Structure formats: C-alpha cells, structure tokens
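Before any comments, here is the structure.
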Amino acid sequence: MSTLNDVFIYFLFNSLKIKKMKKFYILASVLLAAHTLTAQITVDFEDLNLPLDSYYNGDDLEGSFTSHGATFSNNYNPDWGTWSDFSYSSMRDNTTPDYTNQFSAYPAKGAGESNTYAVNTSTGTITFPSEVNLISVHITNTTYAYFSMLQGDDFAKKFGENGDKDFFYFYIFGHNAENEKVDSVRIDLADFTSDEAADHYILDSWTEFDLTPLQGVKYLTFEYFSSDVGEWGINTPTYFALDNLVYDDASSHISKENKMEFAMFPNPTKEVLHINGEAGEYQILNAQGKVVKSFSTMGLTSINITELNPGIYFVSNMNYPTQVKKLIIQ
C-alpha cells in the first residue's frame, strides 16, 4: 500500500522527468513538510477502562499490560503483596503522604485532565511491537514521592534542608532490537542544586518532556538517581507517574530508510558541504529541479560547492529517494 510520502515522491521525481520545472519547488517544499508527517500513537491508558479511584498492580500475575501498542512490564509478588515496574491508576489522592498511597499522581488526575495514567517504581521496561521513534511523554511525581521530598519521612530526608543541594531524577534509556542502547533522556523530578533558592523545585504538575533523541527504539529501560542515598541504596521513594507517551508507528520500510538517513552540515554553507551517511550516489538540485552537481560518498565526505550560486537547493540520496534535504548556499 502506498504511503502519503510515496505519493509525494512519485510526483516529485516524475515532475523532474517531464521537466515541469516551475512545479518542482512547490512539490519539493510540500515533500519536505510531508516527510515529517508520521502516524503518531499516544499511549494514554484510557483504553484500559479503569474505574475512577482504583488501580491495577499486577495481582493477576499477568506480568505486563498493554496500552496502544506499548507493553509495560509488571512484577507482582503474591507472597508479600508487593509490586514493581509499572502499574496503572486512576487514583486522585494528593494528600496522603506515605507508602499506603503508592498509586496516586500528585496532580490527582492524568495529563490533560484524563482519568488514567501509569506509575513506575524501581525498574521496568516499555516494549514496542517494532522499532519506533519516540516523540514526547508527560511525567510528574507521585504523591508519595512528592511529600517525602517536601517534608521528609522515616526513611528519607527533606530536600534542601540546611542548604543541601539535593536532586532526584531518572534516565530513560532507548534500546534497539539488537539490545544496543541508542540514546538516553534525563527527567528531573526535583532539583535543589542551584545557588538560587527561587530555582529549587519538586515537580508537582504534568510536564511534557522531549523524547526525540530516542529513535529506532524497540524498548525502554529506566534508572533512578538521588542525592539521598543510604546503606541500602536510594532513600527517596523511587516512583514517577507517566502519561501520554507519544511515538511514531513507522512501517519497517520507513524505519529502514530512517536508519539510512544522511547527515548534512553546515547548513547554510558557503564553500564546503559535509555529507555523512550511506555510501552511494547523491545529487544536488536547484530550485527549478535541475541537477547541478552529482557525487559519490563513502561515509563522511566533503564536497566543494564554490561553483554554485547562493540560493536554495535540494540534496537527494539516490539509493533512498525519499531522503531529500533542503540546502541553503550563502
């Protein structure tokens, strides 16, 4: 089945063949915009149909749950009645400040006034059906972790007490299908490290974080860090709440081409253009669709472009014709 990008590519390159040059710039501009359009999926947990003020902690021993294509690990211990990894919740308790209130996000609702969200503790994984590109996620503190940092408790300290430069954050690690880490994103849940007291905070609302560094990801893992560490590890309650995880549901064909995408720098440029990508044939076309320069690459290659006049151009990887990048020569 043809995708939206396939349709634009067909008209783009056929416009070159039939030399409808006046249309090329318009088509190329549309292509560049359309190429960024992808089938995005938002994991909002509303499809799990959880009654208000309740939660799922994995006591059915399923070991995981799935929302909008993303599978969240869950580890429930029936002997102790405890859980780790992920649960999902519609709890609204933002006043009970202890361990008995593990499943409430401090905002007392999901992101965007929704009812349901996920809660993580300790560890866990999020797995996708195939390699995907992450876009964004909403994160906040749980009520339990929030009050522990704000007031202190029997196990953890009050953040910022005596001028301490406390912090609490976690990393999201992206892994590809070969179990290799592709990148990571840091999420700060509390930060008292600034010399300015006005900059100190404990996250108390749903906040959107950029996940675009996590491209070509099959699964996610998590790791917590805190300034409050004791003999048995982190004292701060290692919890966070998650909602509206957005990712691209790219087909395997598009995912493969994304992996082969080339880098081009500097842009704008005057004399030299560096291309780093799949070895093969490339072309530079002017705004009228005429090929003004062709070259081959073997990885990182430097191209002299001093003979080209200032203006707008397009660079194409001929092995992967959907890869068209706008180039500005000054």
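Figures for the structure shown
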{"quantity": "Residue list for the range 263-305, filter: in a loop (DSSP other than H, G, I, E, B), closer than 14 Å to Ser316 by Cα and open to solvent by less than 20 Å² (accessible area, probe 1.4 Å)", "calculated": "Gly289"}
{"quantity": "Some residue of the range 154-163 being of a type in the set (Lys, Arg), more than 16 Å from the chain's Cα centre (by Cα) and at pLDDT 95 or above", "calculated": "yes"}
{"quantity": "Number of positions in the range 230-239 that are assigned to a strand (DSSP E or B) and within 17 Å of Thr123 (Cβ to Cβ)", "calculated": "3"}
{"quantity": "Matching residues, the range 194-222, being under 30 Å from Arg92 (Cα atoms), charged (D, E, K, R) and touching a residue at least 60 places away in the same chain (Cβ under 8 Å)", "calculated": "Asp204, Glu208, Asp210"}
{"quantity": "Which listed residue is modelled with pLDDT under 95 and closer than 24 Å to Asp153 by Cα, from Ser122, Ser104, Ser84", "calculated": "Ser122"}
{"quantity": "Residue in the range 84-92 that is over 29 Å from Val217 (Cα atoms) and surrounded by fewer than 17 Cβ atoms within 10 Å (Cβ to Cβ) present", "calculated": "yes"}
{"quantity": "Close pairs from the range 54-67: first without any contact (Cβ under 8 Å) to a residue 60 or more places away in the chain, partner surrounded by fewer than 16 Cβ atoms within 10 Å (Cβ to Cβ) and among the charged types (D, E, K, R), Cβ under 7 Å, at least 6 apart", "calculated": "Ser67/Asp47"}
{"quantity": "Options Thr123, Thr127; residue that is open to solvent by 40 Å² or more (accessible area, probe 1.4 Å), closer than 27 Å to Leu214 by Cβ, in contact (Cβ under 8 Å) with a residue 60 or more places away in the chain and not in a strand (DSSP E or B)", "calculated": "Thr123"}
{"quantity": "Lone qualifier among Val246, Val315 - being within 30 Å of Tyr106 (Cα to Cα), out of contact with any Pro (no Cβ under 7 Å at 6 or more places or on another chain), surrounded by 12 or more Cβ atoms within 10 Å (Cβ to Cβ) and at pLDDT 85 or above", "calculated": "Val246"}
{"quantity": "Extreme residue, surrounded by the fewest Cβ atoms within 10 Å (Cβ to Cβ), among residues of the range 179-228 that are closer than 18 Å to Val43 by Cα and of a type in the set (Val, Ile, Thr)", "calculated": "Thr212"}
{"quantity": "Residue satisfying condition, being assigned to a strand (DSSP E or B) and under 21 Å from Tyr117 (Cβ atoms), within set Phe170, Phe225", "calculated": "Phe170"}
{"quantity": "The range 70-83, subset under 28 Å from the mean Cα position of the chain (by Cα) and surrounded by fewer than 18 Cβ atoms within 10 Å (Cβ to Cβ), residue nearest to Asn133 (Cα to Cα)", "calculated": "Thr71"}
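Every residue, every condition in (1) outside any strand (DSSP E or B); (2) open to solvent by less than 40 Å² (accessible area, probe 1.4 Å), yes or no:
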{"position": "Thr95", "(1), (2)": "yes, no"}
{"position": "Gln102", "(1), (2)": "yes, yes"}
{"position": "Ala108", "(1), (2)": "yes, yes"}
{"position": "Asn115", "(1), (2)": "yes, no"}
{"position": "Asn133", "(1), (2)": "no, yes"}
{"position": "Asp153", "(1), (2)": "yes, no"}
{"position": "Phe159", "(1), (2)": "yes, yes"}
{"position": "Ala177", "(1), (2)": "yes, no"}
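The values are calculated or read from the model by the stated rules, or taken from the named source; none is laboratory data. If you're wondering where the values come from, they're calculated on a predicted model, not measured in any experiment. Reconstructed Cβ throughout: ideal geometry from the backbone, glycine too, with neighbour counts over all protein chains shown. Side chains are part of the model used for accessible areas, which takes the heavy atoms of the whole protein and leaves out ligands, DNA and RNA. Shrake-Rupley method; radii C 1.70, N 1.55, O 1.52, S 1.80 Å.
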